[in-house]
1. Evaluate the following for Ile76: is it in a loop (DSSP other than H, G, I, E, B) and farther than 28 Å from Asn260 by Cβ?
2. Could you name every one of the strands (runs of 3 or more DSSP E) located completely within segment 214-329 that has at least 3 residues being β-branched (Val, Ile, Thr) and outside the structural domain of Arg23 (by TED's automatic domain parsing)?
3. Can you report the number of residues in segment 25-71 which are farther than 28 Å from Lys285 by Cβ, among the acidic types (Asp, Glu) and without any contact (Cβ under 8 Å) to a residue 24 or more places away in the chain?
4. Quick check, is Leu43 at pLDDT 90 or above and in the same structural domain as Ala108 (by TED's automatic domain parsing)?
5. Taking into account only those residues within segment 294-324 that are surrounded by fewer than 19 Cβ atoms within 10 Å (Cβ to Cβ) and among the hydrophobic types (A, V, I, L, M, F, W, C), which is modelled with the lowest pLDDT?
6. Scan segment 107-125 residue by residue and report those that are more than 26 Å from Trp276 (Cβ to Cβ) and either at pLDDT below 95 or out of contact with any helix residue (DSSP H, G or I) (no Cβ under 7 Å at 6 or more places or on another chain) (or both).
7. Please find, within segment 72-98, the residue that is surrounded by the fewest Cβ atoms within 10 Å (Cβ to Cβ) out of those that are polar (S, T, N, Q) and in contact (Cβ under 8 Å) with a residue 60 or more places away in the chain.
8. Could you check segment 1-17 and list, in sequence order, the residues that are among the hydrophobic types (A, V, I, L, M, F, W, C) and more than 14 Å from the chain's Cα centre (by Cα)?
Amino acid sequence: MNSNNYVLIMAGGVGSRFWPKSRNNFPKQFLDILGIGKSLLQLTYERFLKLCPKENIFIVTNSQYEDIILHQLKGITAAQLICEPSRNNTAPCIAYASFKLKGINPYANIVVAPSDHFILYENVFIEKIQQALDYTDKNEALVTLGIAPTRPDTGYGYIKYESAAQNGVHKVAQFKEKPSLEKAKEFLAEGNYVWNAGIFIWKVGSIINALQKHSSEIHTLFEKGNESYNTKAERAFIEEHYPTSPNISIDYAIMEQADNVYTIPAEFGWSDLGTWASLYEAAPKNEENNVIAAQQISVKDTTNSIIHINSKKLAVIRGLDNFIVVDEGNALLIYPKAQEQEIKAVVAELSKEYGETFI
């Protein structure tokens, strides 16, 4: 196990597409959404213990989730929480974490990964990550783990890569936004596209150089804190300066501009669990093709649906096909699965109309 390997687990998101189960004060990464007794964050943390010592795993999150994380991850100390005081997208928080890790170990070889993804074949996943770390250790490269597409999905960004490879590592030709169905079918037919899963691997020096070259405003802001990182002055510096950073994703700030971006196409039973339908696809189903999480329930003439009912409630459901039914706390969602992409916008509207109490 290489002591230069570090992991940044990104755990600051709100997960509004999983409303009403996922709420602002307790988002989906902290939920046992799979019903196996562990949260998605706990599963992610345990997965990376195969790759590096527990003290080399850092959680990038929002300040409001500190207590939840320390409660859920018994091996993590408060010093391993990198807390953003405001939500400014992924580029600033990755920049902050990178400068902090450089102060701890200038040879750090870093994996950046979301906290809320489902991975069926964990050993294959770790093998691919190790393959990427071996490459970034020897090359000034920004590597993204690409997911070999299994269907023409319009919900993901795509990465086009060059056919030539060095030890299974391909140069990225182009990043593509979420496509139309026709475009997605074309991408699959071409055979040199992968889904962009937001899993990145790079040496700390490589990402800081990329920030300096392609996102100088962010680089300048966080470089000012070099004397503060890993000292008592760090929090005060971040509280003051972090909210002034540009609100931009790492994809726009760096990955789509840099010329040293590479990908490793991989298949390890991945789902981003971004929506109720993606959870439905990943979860075991009964004879009627339903996914049901409820203690007291009567279901008849209902198919292809996902149903999560608060354990205290008796539910009687009949005559639904392809629906999402979620009863949680002070909110109830009954929505066609085919229109689930609307849920995020619906929640935003509800927040304006009824206030944060229900969100």
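1. yes
2. Numbers: elements: 261-266, 291-293, 296-300, 306-309, 314-318, 323-328.
Per the criteria, 306-309, 323-328.
3. Total satisfying the criteria: 2.
4. yes
5. Among those that are surrounded by fewer than 19 Cβ atoms within 10 Å (Cβ to Cβ) and among the hydrophobic types (A, V, I, L, M, F, W, C), it is Ala294.
6. Those that are more than 26 Å from Trp276 (Cβ to Cβ) and either at pLDDT below 95 or out of contact with any helix residue (DSSP H, G or I) (no Cβ under 7 Å at 6 or more places or on another chain) (or both): Tyr107, Asn123, Val124.
7. Here is the first cut: in segment 72-98, the residues polar (S, T, N, Q) are 72, 77, 80, 86, 88-90, 98.
Cutting the leftovers down to in contact (Cβ under 8 Å) with a residue 60 or more places away in the chain gives us 86, 88-90, 98.
Numbers: Ser86: 15, Asn88: 20, Asn89: 18, Thr90: 22, Ser98: 26.
Applying the filter and picking the extreme gives Ser86.
8. Hit for segment 1-17 is Met1, nothing else.
The values are calculated or read from the model by the stated rules, or taken from the named source; none is laboratory data. Everything quoted here is computed from the prediction, not taken from an experiment. All Cβ positions, even for glycine, are placed from backbone atoms using ideal geometry, and neighbour counts span all protein chains on display.
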